[in-house]
Amino acid sequence: MKKRFPILIAGILTFLVIILVMPSVLTIGITDGRLTFEVVDFSIFAVKTPEPPTPSPTPIPTPKPTPTPTPTPSPTPEPTPEPTPEPPPPILLSFEPRATENTDPSILLISEDIMVQNAIVSEFEFEKPFNFGLADEYSMLEGITAFRGNNFRDSGAWGYANITKAKFGANWQRATASLAGDAGRMWTGHGWSGQPLIVRWDNETKAIMNMHNWAKEQEGLVEVVYAAMDGYVYFQELETGKDTRDRLFLGWSFKGAGSLDPRGYPLLYLGAGDNNARGSARILIVSLIDGKVLHEFGFSDRFAPRNWNAADSSPLVDAENDRLIYPSENGIIYILDLNTDYDPNEGTISINPETVKWRFRGKRSNVGNKFWYGIETSAVIYEGYAYFADNGGHMLCLNLNTLETVWAHDSLDDTNNSPVFSIENQKAYIYISTGFHGGWRAPASSAAVVPIWKLDAETGEIVWQVDYNCRTVSGVSGGVQGTIAVGKYDLEDMIFVPVARTPSAGTGILAAISKSTGEIIWEFQTTRYSWSSPVCVYTEDEKGYIIYNTADGVMHLLDGLTGEVLDKMSIGTLVEASPAVFENTIVIGTRGQRIWGVKLT
């Protein structure tokens with residue numbers, strides 16, 4: 001009993017503590033001697049500390065939505081206009097050919113006549129006008145399709161040459177032959193002005209031509225087409241000289257270059273240089289598909305003022321109007337509407353020409369059997385105007401559309417070098433010289449002045465004149481027989497003029513003359529004269545060289561700026577022909593019955 005009492009007291013105390021901290025508690029008692037428990041809720045007796053009222057939540061004011069500001073529209077920026085490119089300056093400020101008091105045709109000419117389909121008419125105008133463009137627009141082919149390359153007659157070279165040593169290198173040769181002409185004349189090899197034609201044909205055209213199979217199959221083949229005085233046309237591969245097809249015998253001696261059709265049509269236009277046993281000289285249009293002559297004209301022509309039917313001129317083709325313009329030594333300019341029908345798929349070509357003819361008579365023409373009718377030079381044509389010089393000392397500008405002479409310049413003598421058209425500082429000029437035909441202006445045993453002229457192409461007025469005293473030999477005239485070379489790139493202000501038989505009868509001078517002033521820049525004197533036309537050749541970095549051949553068979557390579565001789569080589573005997581150059585290869589024929597291909601290195 002004593003042991004339980006303290007325990008009881010401790011338990012009671014524990015429960016009192018619990019009661020103080022708990023609203024409900026167990027109560028303990030003794031019932032019938034047993035300890036009992038009961039849960040008593042004291043919270044009903046306790047003084048309750050009122051719970052603070054649950055505060056009403058302070059309402060968070062609903063924020064008023066901040067209105068999204070309406071963006072101020074940014075103005076759509078107007079695109080900065082691309083500056084209108086300035087149009088390139090016009091090639092020419094003006095081009096209105098007209099006569100002046102000094103160049104009025106009536107000073108030199110008496111009459112002009114036109115024949116249309118065999119009837120003489122007083123007036124005429126082509127329905128479709130001529131409109132020749134710039135020199136580099138003339139041909140669609142890669143190469144040289146006419147004498148001096150194009151309608152300006154300003155280049156005997158095509159492409160750039162890769163020149164590192166400035167020397168002549170490897171060469172090839174092809175033998176030619178001879179042909180008897182009229183009155184016992186014997187024509188050998190290639191003569192004046194005999195320039196080769198050089199062209200890269202496309203594969204489709206090669207496929208239909210009568211080339212050897214290997215030539216048809218050779219990719220990028222470049223063909224030399226070279227008419228000779230032995231009556232043949234020769235066809236060589238440019239790099240090796242190998243025959244690309246059988247040579248073509250046409251039967252007349254060919255001195256001039258002729259022309260290939262610049263449209264790429266397989267047509268060759270070619271004029272004979274002399275009569276022979278086959279008949280009178282004539283002009284031929286030849287198919288290069290099979291070598292057949294499609295048309296011939298320019299002989300037995302009653303409209304001709306001169307009974308001499310050679311045609312050394314190199315014609316031009318008006319590609320847009322399908323027309324051929326061919327001056328002749330019988331004194332007629334022939335203009336043919338060719339009406340060409342060419343079908344490359346079928347491999348056929350035909351023409352059906354309609355012909356218009358023009359002639360003139362000068363006040364001194366053929367007087368005393370001097371100052372002959374006839375045109376040996378190759379005409380320049382720009383827009384609708386042709387420029388040419390004749391055997392009778394006339395340099396004319398002819399309106400091709402109306403066939404009326406615009407202006408006339410007195411070129412004094414028998415003129416065989418072709419005019420050259422040059423555009424300088426947006427103005428057009430003509431470079432031309434003349435010859436010394438013994439007995440016309442002075443006795444053959446004496447000397448005569450041979451001027452070199454720069455003419456205003458619009459008016460014919462002389463811009464400047466440089467004179468040389470030249471001698472002559474019967475049948476082999478002095479003066480300027482080769483055509484003037486007009487420089488470009490680093491030679492831009494220079495022309496190069498081959499003057500024959502000066503200062504003595506056997507010697508010659510290549511003169512470099514300033515375009516702008518007419519001053520002589522340098523002269524290269526040779527022990528033999530030259531009838532050959534010099535050729536300017538350029539590298540890609542626009543360095544210019546001159547190829548110059550003299551009558552003794554020597555080919556010279558000159559620095560164009562200084563006239564320094566960089567190399568020379570012999571190509572045999574007499575050279576009268578003019579070279580053509582395709583990239584690094586020079587081609588020229590000689591009277592010694594050889595065609596030469598020479599590499600520039």
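Things to note:
- Accessible-area composition of the range 295-391, carbon plus sulfur, in percent [1.4 Å probe]: 38 percent
- Between the range 161-204 and the range 519-556, the C-alpha centres lie 17 angstrom from each other.
- Our coupling estimate for the range 214-231, obtained by passing each phi through the Karplus curve with A = 6.51, B = -1.76, C = 1.60 and θ = phi - 60°, is 4, 6, 4, 7, 6, 5, x, 4, 10, 10, 8, 10, 9, 6, 10, 7, 8, x Hz, Gly and Pro reported as x.
- Given [x] 1.93; [y] 1.17; [z] 0.95, the label whose value is Cα Rg over 2.2 N^0.38 Å derived from this model: [x]
- TYR265 accessible area, assembled protein chains, probe 1.4 Å, Å²: 60 Å²
- Additional length obtainable on full extension of the chain from ARG278 to GLU219, 0.36 nm per residue less Cα span: 17.3 nm
- Rounded to 0.05, the FRET efficiency of the LYS568 and LYS427 pair, given R0 = 22 Å and the Cβ-Cβ distance, is 0.05.
- Relative to the Cα centre, the charge distribution of the chain, modelled as +1 at Lys and Arg Cβ and -1 at Asp and Glu Cβ, gives a dipole magnitude of about 1840 debye.
- VAL121/ASP559 FRET efficiency (R0 45 Å; Cβ-Cβ; nearest 0.05): 0.25
- In the range 486-601, the portion of solvent-accessible area held by carbon and sulfur atoms comes to 48 percent [1.4 Å probe, whole percent, DNA, RNA and ligands not counted].
- Phi-based couplings in Hz for the range 332-341 (Karplus 6.51, -1.76, 1.60; Gly and Pro marked x): 10, 9, 8, 10, 10, 6, 6, 6, 6, 10
- Links that overshoot a 26 Å alpha carbon limit, given the list LYS216/LYS599; LYS357/LYS488; LYS165/LYS206; LYS165/LYS255: LYS357/LYS488; LYS165/LYS206; LYS165/LYS255
- Once the 1.4 Å probe is applied to the protein heavy atoms, the chain comes out at 45 Å² accessible per residue.
- Accessible surface of the range 178-241, 1.4 Å probe, proportion on carbon and sulfur as whole %: 48 percent
- Around the amide H of ASP414, modelled in the peptide plane, lie the amide H atoms of GLY435, HIS437, all under 5 Å away and 5 or more residues distant in sequence or on another chain.
- Selection from SER411, ALA183, GLY544, by position along the positive dipole direction of the chain (Cβ): GLY544
- Estimated inter-spin distance, GLN465 and ASN339, nm [label 7 Å along Cα→Cβ]: 4.8 nm
The values are calculated or read from the model by the stated rules, or taken from the named source; none is laboratory data. Small disclaimer: the values here were computed from a predicted structure and weren't measured. Glycine also receives a Cβ, built like all others from the backbone with ideal geometry; neighbour counts cover every protein chain displayed. Side chains included, ligands, DNA and RNA excluded: accessible areas come from the protein's heavy atoms. Shrake-Rupley method; radii C 1.70, N 1.55, O 1.52, S 1.80 Å.
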